[in-house]
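Novice: This is the structure I have questions about; it appears just below.
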Amino acid sequence: MEIDILAADDFKTAQTEDAVVDEYDEFDDHTESPISNNLYKVHVTEIMVNEDDDNTKQQFEKLSLEFSNLQTSLNELIEARSKLETQFQENKIVLTEFDTLNEDSKIFKLTGPVLLPQNYGEAKLNVKKRIEFIEDEIKRVESKIEQSQKNIESTRDKLLAIRSQISTPA
């Protein structure tokens, strides 16, 4: 559909209401109409007034919100993995410190505001178990990150399909 000549005010209305405007050309020859000096040639690709388009827009908005939520959850998972990596490195450092100690060295564990004595074997075993637990948590979070990335990709593809459906003429 093509609307050949619109006054400047009509052009703004066409842009903001039901029409998807691809391009417009300003006429230099002002003799075509005494209405206005600013006349435009508007190429309208489609008029969005039917219910299918409203449904499509609602679906697009719903998917956009879902996409945003998925990105937020992905960022949270990445942050959680980062914290786990930090804990893993800290515990690895503690384990290497245990290797430099003698078995008869005094070891204390901070529990709340109190330092409690612990024997060497028990403390080293606790750190090793903590490292194993953190490694398992990292694997679990990484699998969630992969799944989240797949969901984001799927939602993005759906959004692109709907966007192309909205912008192509019927």
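Novice: In contact with a helix residue (DSSP H, G or I) (Cβ under 6 Å, 6 or more places away or on another chain) and more than 30 Å from Q71 (Cβ to Cβ), is that true of I107?
Specialist: yes
Novice: In region 137-151, which residue that is within 21 Å of Q87 (Cα to Cα) and basic (K, R) is surrounded by the fewest Cβ atoms within 10 Å (Cβ to Cβ)?
Specialist: Step by step, filter region 137-151, then rank; the result is K139.
Novice: Out of curiosity, is K109 part of a strand (DSSP E or B), in the same structural domain as S64 (by TED's automatic domain parsing) and not β-branched (V, I, T)?
Specialist: In short, yes.
Novice: Across region 152-170, which residue is surrounded by the most Cβ atoms within 10 Å (Cβ to Cβ) among those that are in a helix (DSSP H, G or I) and touching a Ser or Thr at 6+ places or on another chain (Cβ under 7 Å)?
Specialist: Among those residues, the one meeting the criterion is I162.
Yes/no matrix, rows are residues, columns are (1) in a helix (DSSP H, G or I); (2) exposed (fewer than 15 other Cβ atoms within 10 Å of the Cβ); (3) modelled with pLDDT under 95:
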site: S82; (1), (2), (3): yes, yes, no
site: F88; (1), (2), (3): yes, no, no
site: T96; (1), (2), (3): yes, yes, no
site: D99; (1), (2), (3): yes, yes, yes
site: E122; (1), (2), (3): yes, yes, yes
site: I131; (1), (2), (3): yes, no, no
site: E135; (1), (2), (3): yes, yes, no
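Novice: Filter region 132-170 down to the residues that are over 30 Å from K92 (Cα atoms), more than 13 Å from the chain's Cα centre (by Cα) and basic (K, R) and list them by number.
Specialist: Passing the criteria: K158, R163.
Novice: Just one of the numbered conditions (1) assigned to a helix (DSSP H, G or I); (2) at pLDDT below 95; (3) of a type in the set (G, A, S); (4) farther than 30 Å from D54 by Cα is not true of S143; which one?
Specialist: Result: S143 fails condition (2) only.
The values are calculated or read from the model by the stated rules, or taken from the named source; none is laboratory data. Given the structure is predicted, the values throughout are model-derived calculations rather than measurements. Positions of Cβ are backbone-derived with ideal geometry, glycine not excepted, and every protein chain shown enters the neighbour counts.
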